[in-house]
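To start, the structure under review is shown below, and the notes come after it.
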Amino acid sequence: MNVPHTDKKRVVIIGGGFAGISLAKKLGNLDVQVVVIDRHNYHTFQPLLYQVSTGGLEPDSIGYPIRKILKRLKNFHFRLATVESVDPQTREIVTDIGSLTFDYLVMATGTRTNFFGNQSIQDYAMPMKSVPQALNIRSLMLQNFEDADDSEDLNERKALLNFCIVGGGPTGVELAGAFAELKRNVFPKDYRHLNIDEMEIHLFEGSDRLLPPMSHHASKKAAEFLENLGVKVHLKSMVKDFDGKLLELSTGETIETKNFIWTAGVTGAAIPGFDTSILIDRLNRYKVNEYNQVEGYEGIFAIGDIAYMVTDDYPNGHPQVAQPAIQQGELLADNLERLLEDKPMKVFKYNDKGTMATVGRNKAVVDLPKLKFGGFFAWFIWMFVHLMALVGFRNKVIVFFNWVYNYINYDKAARLIVRPFKPKK
C-alpha cells in the first residue's frame, strides 16, 4: 500500500463510522502517522438512513467525505480499501489494494446485517445498513407504486403496496412511521387514481414489545403512535421464510409482499486473523478490556459496535449506538497519547446521555437517565439532537431546510428513481 514510510508511530484505523472518526479527529495534535481505511470514501450518519430510503433526504445530506472531515490532521492518509485480514504477529493488515504494517491498530468496523443463517431471507430481503441499500429501498418502493398504478389485478396491486418490516427496534419503528406518513400525506397526491387504502404497513417484532432496548413507557407510546398512523404491529411474531413474494411466519400464516425490509438484527463485522476465542459467539464482537484493548493483543484495540466490554453496569456489553462509539474513540485518543508518554491508560466509563426514536410527524419517544416522555416535545428534541450531530455545516443546513419544507408542505421531495433496483428473481 502506497503510504509513505515514517519514523513516527503509525496508527491504523479500520472504519470511518462514529468510532473511527471520533478517534481520528482527536489524534490531530499527536505526533503520529494516522491511516484511515474504509470501503467508502464518506462517513454515513446512519440514524437518518431511513429518511433516505423513504424520500425525505438525499444521500449527500447524511454523507460527508472522510478526507474533508480529517483535512486538518497534519500527518493523515486515507485509503479506499477493504481489509481482508490482519496478522497480529507481523503487525500487518492485508487489503484488496495491498498490505500495511502498523504500530497501533484500531478496529472500528461496526456491524453488518444479521440474517441468522436464513439464506432465502438473505437473498431476497432488503437490508438498510448503508446509503446504497437505502437508495435500493427508495427505488423499489417507487417502482412498485408505479407498477401498482399500472396494474388492473387487485392481488398484484396489494402485493406491490404491502410493506413488511421485520425488527421492532429504533430502525424498524422509524421506518414504519415514515412509510405511514407517506401513505397519509404524500402518495394520495402522487397517485390519485390508486386506492391508497390498499397500501398496508406491517411491523414484525419477535419479543413482546417494540423498542426492547428502551423503557416500557417508550415501547407503549411507540406502539400507540404507530397504530394511530395505521401501522399493523405484530408482536411475538417470528418470520420464518421469504421467497421474494411470499412471507411465511412461524405460526404458518403467510403474507404476499414485494416490499420486505429486514432490520431484525446485526452482527459484528469482524476481520479474519485473530484467535476465534476473542470473539463473542453469535454477536461476533471482539472481547476488549476496560481500555478497549483486544484481549491478548498488545497495541490492538476495538471500539464502537465491534467491541464487547463487560462492566458492572453493562454485563452484556455497551449498547450498539453512536454515543458509546464516540466516547470510546475520544478516550482511546487520550490513551494512545498516554501510551506514547509511558503513562497508564484511563478506564472507559460510558456516560449514558439517553435514547430516543421518532415515530412520525410530531411523534417521538425519549428515554433520559431520569426522565421518560413522548410526543411533540420528544420529537423536537430528537430533531435538534440529530441535526447537531450531523457532520458538516452544509449537511446541517440542508437537512434543516428539508425538514422545514417537509413539515410545512406535508411532502417529501426526494421521490426520485435515480438508480432502478432489480429484485432477485
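The values are calculated or read from the model by the stated rules, or taken from the named source; none is laboratory data. None of the values given here were measured: they were computed from a predicted structure. Here Cβ is always computed from backbone atoms with ideal geometry, including for glycine, and neighbour counts include all displayed protein chains. Please note that ligands, DNA and RNA were not included when accessible areas were found on the heavy atoms of the full protein model with its side chains. Shrake-Rupley method; radii C 1.70, N 1.55, O 1.52, S 1.80 Å.
Points worth noting:
Each row is one residue, and each column tells you yes or no for (1) touching an Asp or Glu at 6+ places or on another chain (Cβ under 8 Å); (2) in contact (Cβ under 8 Å) with a residue 40 or more places away in the chain; (3) of a type in the set (A, V, I, L, M).
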{"position": "Ile121", "(1), (2), (3)": "yes, yes, yes"}
{"position": "Ala125", "(1), (2), (3)": "no, yes, yes"}
{"position": "Ser139", "(1), (2), (3)": "no, yes, no"}
{"position": "Asn155", "(1), (2), (3)": "yes, yes, no"}
{"position": "Ala159", "(1), (2), (3)": "yes, yes, yes"}
{"position": "Leu175", "(1), (2), (3)": "no, yes, yes"}
{"position": "Asn185", "(1), (2), (3)": "yes, yes, no"}
{"position": "Pro188", "(1), (2), (3)": "no, no, no"}
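- Residue match in the range 385-400 (condition: more than 21 Å from the chain's Cα centre (by Cα), over 22 Å from Pro170 (Cα atoms), modelled with pLDDT of 90 or more and open to solvent by less than 30 Å² (accessible area, probe 1.4 Å)): no
Each row is one residue, and each column tells you yes or no for (1) surrounded by 18 or more Cβ atoms within 10 Å (Cβ to Cβ); (2) closer than 18 Å to Gly16 by Cα; (3) hydroxyl-bearing (Ser, Thr, Tyr).
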| site | (1), (2), (3) |
| --- | --- |
| Glu295 | no, no, no |
| Val310 | no, no, no |
| Pro315 | no, no, no |
| Gln323 | no, yes, no |
| Gly329 | yes, yes, no |
| Leu332 | yes, yes, no |
| Leu336 | yes, no, no |
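To keep it simple, each residue is scored yes or no on (1) assigned to a helix (DSSP H, G or I); (2) closer than 25 Å to Thr113 by Cα; (3) open to solvent by 30 Å² or more (accessible area, probe 1.4 Å); (4) among the β-branched types (Val, Ile, Thr).
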{"site": "Asn2", "(1), (2), (3), (4)": "no, no, yes, no"}
{"site": "Ala24", "(1), (2), (3), (4)": "yes, no, no, no"}
{"site": "Gly28", "(1), (2), (3), (4)": "no, no, no, no"}
{"site": "Val36", "(1), (2), (3), (4)": "no, yes, no, yes"}
{"site": "Leu49", "(1), (2), (3), (4)": "yes, yes, no, no"}
{"site": "Leu57", "(1), (2), (3), (4)": "no, yes, no, no"}
{"site": "Arg79", "(1), (2), (3), (4)": "no, yes, yes, no"}
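- Cβ-Cβ under 7 Å pairs, at least 6 apart or on other chains, the range 294-307 side of a type in the set (Asp, Glu), far side part of a loop (DSSP other than H, G, I, E, B): Glu295/Asn289; Asp305/Gly110; Asp305/Gln320
- Restricting the range 404-425 to residues that are in a helix (DSSP H, G or I) and in contact (Cβ under 8 Å) with a residue 24 or more places away in the chain, the residue that is most open to solvent (accessible area, probe 1.4 Å): Tyr407
- Matching residues in the range 81-104 - criterion: being outside any loop (DSSP other than H, G, I, E, B) and either within 19 Å of Leu339 (Cβ to Cβ) or not polar (S, T, N, Q) (or both): Val83, Glu84, Val86, Asp87, Glu92, Ile93, Val94, Gly98, Leu100, Thr101, Tyr104
- Of the residues making up the range 200-241, just one is of a type in the set (A, V, I, L, M), over 26 Å from Leu371 (Cα atoms), open to solvent by less than 40 Å² (accessible area, probe 1.4 Å) and part of a loop (DSSP other than H, G, I, E, B), namely Val231.
- Residue count for the range 253-283 under the criterion of being touching a residue at least 24 places away in the same chain (Cβ under 8 Å), in a loop (DSSP other than H, G, I, E, B) and not aromatic (Phe, Trp, Tyr): the result is 12.
- Taking the conditions (1) at pLDDT 95 or above; (2) more than 19 Å from the chain's Cα centre (by Cα) in turn, Arg72 satisfies each one other than (1).
- Total residues in the range 105-137, condition under 19 Å from Thr257 (Cα atoms), aliphatic (A, V, I, L, M) and in a strand (DSSP E or B): 1
- Neighbours by Cβ (under 8 Å, 6+ apart or cross-chain): first from the range 238-251, acidic (Asp, Glu); second part of a loop (DSSP other than H, G, I, E, B): Asp241/Asn118
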